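*Asks:* Pasting a structure below so you can have a look.
Values quoted throughout were computed directly from the atomic coordinates according to the rules given, and no laboratory measurement underlies them. Being a predicted model, the structure only gives us computed values, none of them experimental. Backbone-built Cβ (ideal geometry, glycine too); neighbour counts: all protein chains shown.
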Amino acid sequence: MIFESLIPPKAVRHKIFNKVKGQKMSEFPKPSPEEILSEREASEAQGIDIANEIVSLKASARTETDYETLLQKTRELRGLFGAGTEAGLSGEVIEQMEKARDIIGKENFVGPSEIQVAFSFKPELATVPEIHFSEADLEKAKELNQMLVLRLDKAADGKPLTMKKIQEITGDKVKDGGDVFYDTDWYKEEEFFTKETAKAGWALVSKEVVPESTDKNHLEQTESVISYLKEKVFKDKSLPKEYQEAIDEFESQKAEIEGLISGDWQAASDKLSKLAITKITRQSPVEAIYDMVTHFQN
């Protein structure tokens with residue numbers, strides 16, 4: 001593995017090679033700290049300028065040309081900082097990320113660099129955890145068309161990364177000009193919009209609706225999710241203890257919930273939402289928005 005901190009910045013390398021062309025590697029002069037610092041500061045200043053342009057464009061973009069410009073500026077920012085975004089991570093985490101990206105596919109991976117492109121801020125690297133999924137988990141996720149997402153619960157200013165905060169950061173637009181939110185009037189004061197955040201950490205997320213789960217009530221959807229777990233995700237394997245216990249809990253309360261659905265659907269929905277199987281298999285509203293934005297912005 002090559003650590004970026006061991007390689008001089010690109011412009012400094014060119015300067016060295018042009019100056020001492022033909023010399024042995026052992027004779028190459030090392031770039032001074034001042035040269036390295038100067039280039040890094042210049043890159044940071046350029047990045048800040050581009051980021052400010054992106055924020056302004058997100059707020060004012062209206063035409064197709066505006067959105068093409070926004071996309072180009074986003075790519076410029078990624079080109080400037082994409083690799084460097086992850087340079088402060090430990091070698092072990094970088095190695096895990098590289099391996100995960102190779103297995104699941106770049107298009108299905110959302111890490112620190114992708115988050116910076118999506119939200120125009122660099123994640124706090126000290127908070128990026130190790131990836132706890134095995135190679136087999138990631139290979140299965142690739143087969144099931146899932147993506148691996150690093151979820152954050154705080155924005156650059158340290159404030160909770162709620163749906164409201166995501167709306168502010170994105171200007172309520174993704175890079176193709178589509179809206180992130182629709183008709184927020186009825187829920188703009190609700191806690192799930194103003195206070196709830198995604199659970200921080202790495203998550204494997206399905207990019208498609210679970211098969212045979214549409215046009216069904218919450219209870220029937222939960223049954224479809226359980227079938228999907230048994231027949232697809234953990235096919236020919238024993239269910240992990242956490243999932244088996246969650247399924248057992250659901251089965252023990254299923255009859256009671258069925259009785260509530262026809263007479264008190266709100267009570268039934270509340271009971272279902274508190275079940276472990278719901279918590280470990282369903283995205284919360286803010287997680288759904290977070291996953292969608294980070295994926296489509298890249």
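*Asks:* Can you tell me, using C-alpha contacts under 8 Å and at least 6 residues apart, the relative contact order of region 218-281 as a whole percent?
*Replies:* RCO, region 218-281: 40 percent.
*Asks:* Would you kindly give the portion of the calculated P(r) for region 218-281 that falls above 18 Å, as a percent of all Cα pairs? It would help to have the intermediate numbers written out before the result.
*Replies:* Details: 665 of 2016 pairs.
For region 218-281, the share of Cα pairs beyond 18 Å comes to 33 percent.
*Asks:* Which whole-Hz couplings ³J(HN,Hα) result when phi for each residue of region 91-108 is put into the Karplus expression 6.51 cos²θ - 1.76 cosθ + 1.60, θ = phi - 60°, listed in order with x for Gly and Pro?
*Replies:* Once θ is set to phi - 60°, the couplings for region 91-108 become x, 5, 5, 4, 4, 4, 5, 4, 5, 4, 5, 5, 6, 7, x, 4, 6, 10 Hz.
*Asks:* A follow-up question, please. In straight Cα distance, which aspartates and glutamates are under 12 Å from Lys165, not counting same-chain residues fewer than 8 positions off?
*Replies:* Of all the aspartates and glutamates, those that pass the test against Lys165 - Cα under 12 Å, at least 8 places apart if same chain - are Asp153, Asp157, Glu196.
*Asks:* If you don't mind, there's one more thing I want to ask. Lys pairs in region 219-286, Cα-Cα under 20 Å, at least 8 apart or on separate chains: how many?
*Replies:* 12
*Asks:* I need Ile115, Ile169 ordered by Cβ neighbour count within 10 Å, fewest first.
*Replies:* Exposure proxy ranking, most exposed first: Ile169, Ile115.
*Asks:* Another one. Less than 15 Å Cβ to Cβ from Ser252, Lys/Arg counted +1 and Asp/Glu -1: what total charge do the surrounding residues give?
*Replies:* Working: positive: Lys254, Lys271, Lys274; negative: Glu223, Glu245, Asp248, Glu249, Glu251, Glu256, Glu258.
Residues close to Ser252 contribute a combined charge of -4.
*Asks:* To continue, here is another question. Give me Glu53, Glu287, Glu258 ranked fewest to most by other Cβ atoms within 10 Å of their Cβ, as a rough exposure proxy.
*Replies:* Fewest-to-most ranking of Glu53, Glu287, Glu258: Glu258, Glu53, Glu287.
*Asks:* Between the DSSP loop rule and a limit of at most 11 other Cβ atoms within 10 Å, which chymotrypsin sites (Phe, Trp or Tyr not before Pro) in region 163-218 are left?
*Replies:* Loop-located and lightly packed - Tyr182.
*Asks:* Residue by residue, what Karplus-based ³J(HN,Hα) values in Hz, rounded to whole numbers, does region 291-298 have, using 6.51, -1.76 and 1.60 with θ = phi - 60° and x for Gly and Pro?
*Replies:* Result, ordered by residue: 4, 5, 5, 5, 6, 6, 6, 10 Hz.
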